[in-house]
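Below you'll find the structure, written out as structure tokens, and then a few comments.
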Amino acid sequence: MGYLNNQVVTVDAILTKKGRELLAKNDGSFRITQFSLADDEIDYTLYNPTHPSGSAFYGEAIDNLPLLEAFPDESQIMKYKLATLPRGTAKLPVLDLGYSAITLKQGASLAITPQTLNYLGNAQTFETSGYSATVSDVRLFSTFTGVGINTDAANAANLSATTTLGTNVSKTVIGTQINLRATTVNTLFGSNTQISTTITVVGLDSGARLTIPVTITQTN
Amino acid sequence: MSFKRLDAEDFVVSSDSITSTLWSTDSPTITEFYTSSVQQAGSSGDFYLSVYQTSSTETTAQVQFDIAYADVGGSGSTAYNSAVPANTPSKSTYGQYRALILEDENASFYFGTGNNVITGSNFWVISIERARYKESLFPGSLNLTLSGSGLIQLTDNSKDVSVNTFLGTSRVYQLVSGSNGSAIAGGGYVANSGSYGLVFPELGTILLNPHAINQSIGVTADRTVGLANGTNNSTLFTAINKGESFTLNSQETITSDYVFIRARNSEFNYTENPTFISGSNGEIIYTDFINNPQTYITTVGMYNDSNELVAVAKLSRPLVKDFTKEALVRVKLDF
């Protein structure tokens with residue numbers, strides 16, 4: 001992975017692994033309809049509001065940072081989304097999934113009901129548009145669905161089937177509740193007794209994001 | 001909100017014609033030509049001769065173009081089977097190009113126009129490798145020097161014609177004496193032998209008229225029945241090799257999808273970046289950021305309706321965003 005030339009401002013665009021998969025499906029699912037912005041790679045602790053040279057220099061340690069090229073793996077990029085919030089916001093929305101990590105036995109089920117803290121003046125709330133949940137390796141689940149949101153986007157996400165042969169592919173669902181059921185397929189484990197992946201949950205209104213590890217343990 | 005819907009006017013589809021150097025040397029002209037004795041001696045050598053930009057044993061060697069010879073009666077090569085003497089590689093090649101270009105088994109090739117036309121009962125073929133010419137040859141860029149009893153520089157006549165001509169469904173230009181798409185004074189034809197050949201940009205193919213070339217520089221296609229296969233291919237190769245100059249560019253159409261990403265002044269001024277907050281309760285790290293937050297855009301993510309990240313763009317350096325700034329980023333996706 002190389003650095004981009006930051007002597008001039010350019011934009012380096014690529015399709016993600018998911019994008020290439022949807023393009024290959026040729027079923028219209030590759031249609032770009034919305035965007036989001038992120039500040040991956042930025043460390044705000046480098047911002048210095050007490051810089052002796054004044055406010056023009058507060059961001060000098062960030063302004064000219066050379067950035068890395070884009071990663072094609074959708075789970076490795078767009079980690080920290082920028083959010084649109086009212087001016088004067090003192091606390092940023094934070095997601096609470098009720099779990100900091102999940103461990104499931106083969107065939108076991110779990111429902112996750114995310115909540116958002118510090119959003120729109122509420123200490124704790126459910127977001128109206130729901131939550132998107134992305135699993136990095138969908139093969140680990142026999143069921144991975146979202147329920148509770150009936151928008152076209154949510155229905156499209158929840159209905160889309162992902163068929164993979166031999167490699168891991170992410171899957172995104174939308175809902176107020178995310179239902180998981182661990183796979184019963186033994187071959188995925190190989191010689192291991194556990195396999196793991198991550199689930200990233202994003203509040204669709206707030207942009208708040210939380211990633212937790214998921215481990216499936218073999219029972220047979 | 002962290003997602004923003006794109007409007008119809010945020011998308012622009014543009015098709016741009018891109019021309020570039022054609023040869024593997026990344027130079028418009030190659031001056032050295034090599035063949036492979038292995039290819040020449042193999043079964044494909046009966047039909048065509050592959051030409052490389054460097055010695056074929058080099059790891060960087062790549063086929064630049066192939067030379068073939070075609071004869072309507074099968075002369076100039078050896079029969080597949082002596083029981084059917086007229087069926088030869090040169091006849092097969094003639095039929096191949098007749099079917100491909102003329103799209104009629106009873107049609108004939110003609111070199112030249114107007115009163116100076118000759119029926120092409122035999123011809124050489126220069127077939128450019130597809131990976132070299134990409135989508136088509138770039139008309140006006142062809143300059144091929146052949147050497148025999150003298151030198152002659154050939155080009156297409158694309159800059160001399162105002163209306164494109166087609167053979168079947170293939171755009172065609174006459175191969176004439178001249179340079180850079182323009183014939184020399186007088187039209188660049190050979191008296192009573194028509195043009196020097198035909199150029200088909202979309203097919204990456206150049207047909208050469210042996211009558212005109214023979215009359216001009218004495219390079220002859222041997223129409224002896226039963227002639228050893230590959231003899232005529234080598235004849236043209238020698239003329240090209242001694243000419244030491246073959247200039248040609250490629251042309252392709254790149255369809256680009258431009259997406260305009262617009263962030264208004266009131267949008268995207270806060271971030272979920274963990275370094276933007278302190279502690280686990282979401283408090284913003286600096287009190288200055290409460291009323292005057294400042295974020296740095298590094299990445300643009302493009303999503304479908306299912307919130308799946310299908311394309312991503314990275315900026316080469318962070319773009320500052322706050323309540324006094326608006327950002328417009330143009331993302332170009334090529335297909």
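The values are calculated or read from the model by the stated rules, or taken from the named source; none is laboratory data. Please read these numbers as outputs of a predicted model, since none were measured by experiment. Methodologically, a virtual Cβ is constructed for each residue, glycine included, from the backbone with ideal geometry; neighbour enumeration extends over all protein chains shown. Side chains included, ligands, DNA and RNA excluded: accessible areas come from the protein's heavy atoms. Shrake-Rupley method; radii C 1.70, N 1.55, O 1.52, S 1.80 Å.
Descriptive notes on the structure:
- Filter result for A:T145 (among the β-branched types (V, I, T), in contact with a helix residue (DSSP H, G or I) (Cβ under 6 Å, 6 or more places away or on another chain) and either within 18 Å of A:L204 (Cα to Cα) or open to solvent by 20 Å² or more (accessible area, probe 1.4 Å) (or both)): yes
- Residue under evaluation B:D26, criteria (1) in a helix (DSSP H, G or I); (2) without any contact (Cβ under 8 Å) to a residue 12 or more places away in the chain; (3) open to solvent by 70 Å² or more (accessible area, probe 1.4 Å), criterion not met: (1)
- Within the range A:177-208, if we keep just the residues that are closer than 20 Å to A:A83 by Cα and assigned to a loop (DSSP other than H, G, I, E, B), the residue that is modelled with the lowest pLDDT turns out to be A:G207.
- Of residues in the range A:18-27 being among the basic types (K, R) and open to solvent by 10 Å² or more (accessible area, probe 1.4 Å), the one farthest from B:G279 (Cα to Cα): A:K25
- Considering the conditions (1) open to solvent by less than 50 Å² (accessible area, probe 1.4 Å); (2) over 16 Å from the mean Cα position of the chain (by Cα); (3) more than 7 Å from every other protein chain (Cβ to nearest Cβ), A:S75 is excluded by exactly one of them, (2).
- Hits in the range A:197-217 (condition: surrounded by fewer than 17 Cβ atoms within 10 Å (Cβ to Cβ) and out of contact with any Leu (no Cβ under 8 Å at 6 or more places or on another chain)): A:T198, A:T211, A:P213
- The one condition in (1) out of contact with any helix residue (DSSP H, G or I) (no Cβ under 7 Å at 6 or more places or on another chain); (2) within 20 Å of A:F57 (Cβ to Cβ); (3) open to solvent by 10 Å² or more (accessible area, probe 1.4 Å) that B:P293 fails to fulfil: (3)
- Taken together, A:D40, A:D27, A:D12 contain a single residue that is at negative phi and assigned to a strand (DSSP E or B), which is A:D12.
- Per-region count, the range A:28-65, residues over 20 Å from B:F276 (Cα atoms), open to solvent by 50 Å² or more (accessible area, probe 1.4 Å) and either at the interface with chain B (Cβ under 7 Å from one of its Cβ atoms) or acidic (D, E) (or both): 1
- In the range B:194-306, counting only strands (runs of 3 or more DSSP E) that sit wholly within it, the ones holding 2 or more residues that are closer than 30 Å to A:Y131 by Cα span B:249-263, B:295-303.
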